[in-house]
Amino acid sequence: MSEVEAALSASVREGAVLAVTCADKNLALTRVDGVVQAFVNKCPHLGLKLTKGKIADGVITCPFHGSSFDIRTGADTAWVSGVMGIALPKMLCNVIAMGKAPRGLTKLAAREADGVVYVGMP
């Protein structure tokens, strides 16, 4: 695993997603309880970007289909719950999920040193 410089520490804010490109990969950086977190900027459901996802209590929710993930661990916390922020009945959510089993985010190791965020690339 190699480590790359991803962003300045000051640009990674609590409750906001910063999209960066490192080694041709679209990544997302944020902070949870002051600790920098990194993950591939792609919802495991359909691969759509999580950049505009809402963050609350360390969980990011996909703005497109409502899947949510624990940013610290990458674990799936809810799988396809609606469309564009509108909650739908479970039966319709199952259709929208298109038979895809719940999956977590692709988490990446992140650390800070001398005002820079470094991310471990697989």
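The values are calculated or read from the model by the stated rules, or taken from the named source; none is laboratory data. As the structure is a prediction and not an experimental result, all values here were calculated from the model. All Cβ positions, even for glycine, are placed from backbone atoms using ideal geometry, and neighbour counts span all protein chains on display. Side chains included, ligands, DNA and RNA excluded: accessible areas come from the protein's heavy atoms. Shrake-Rupley method; radii C 1.70, N 1.55, O 1.52, S 1.80 Å.
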### Query
What ranking do 14-21, 66-73, 44-51 get when scored by the average of other Cβ atoms within 10 Å per residue, highest first?
66-73, 44-51, 14-21
### Summary
Other residues with Cβ under 11 Å from the Cβ of residue 80 give, with Lys and Arg +1 and Asp and Glu -1, a net charge of +1
### Query
Quick one: net charge of residue 63's neighbours, Cβ under 15 Å, K/R +1, D/E -1?
+4
### Task
Let me have the relative contact order for the stretch 8-122, percent, based on Cα pairs under 8 Å that are six or more residues apart.
22
### Lysine pairs meeting the criterion (Cα under 18 Å, 8 or more apart or interchain), as found in the chain
13
## Note on the structure
Diffing the stretch 23-33: the Karplus 3J(HN,Hα) column from phi (6.51, -1.76, 1.60, θ = phi - 60°), in whole Hz with x for Gly and Pro, holds 6, 6, 10, 8, 10, 10, 10, 7, 10, 10, 6
### Task
With the full set of protein chains in place, find how many percent of the accessible area of the stretch 19-122 is carbon and sulfur; take the probe as 1.4 Å.
58
### Task
Using +1 at the Cβ of each Lys and Arg and -1 at the Cβ of each Asp and Glu in the chain, identify which of 21, 117, 55 lies farthest towards the dipole's positive end.
55
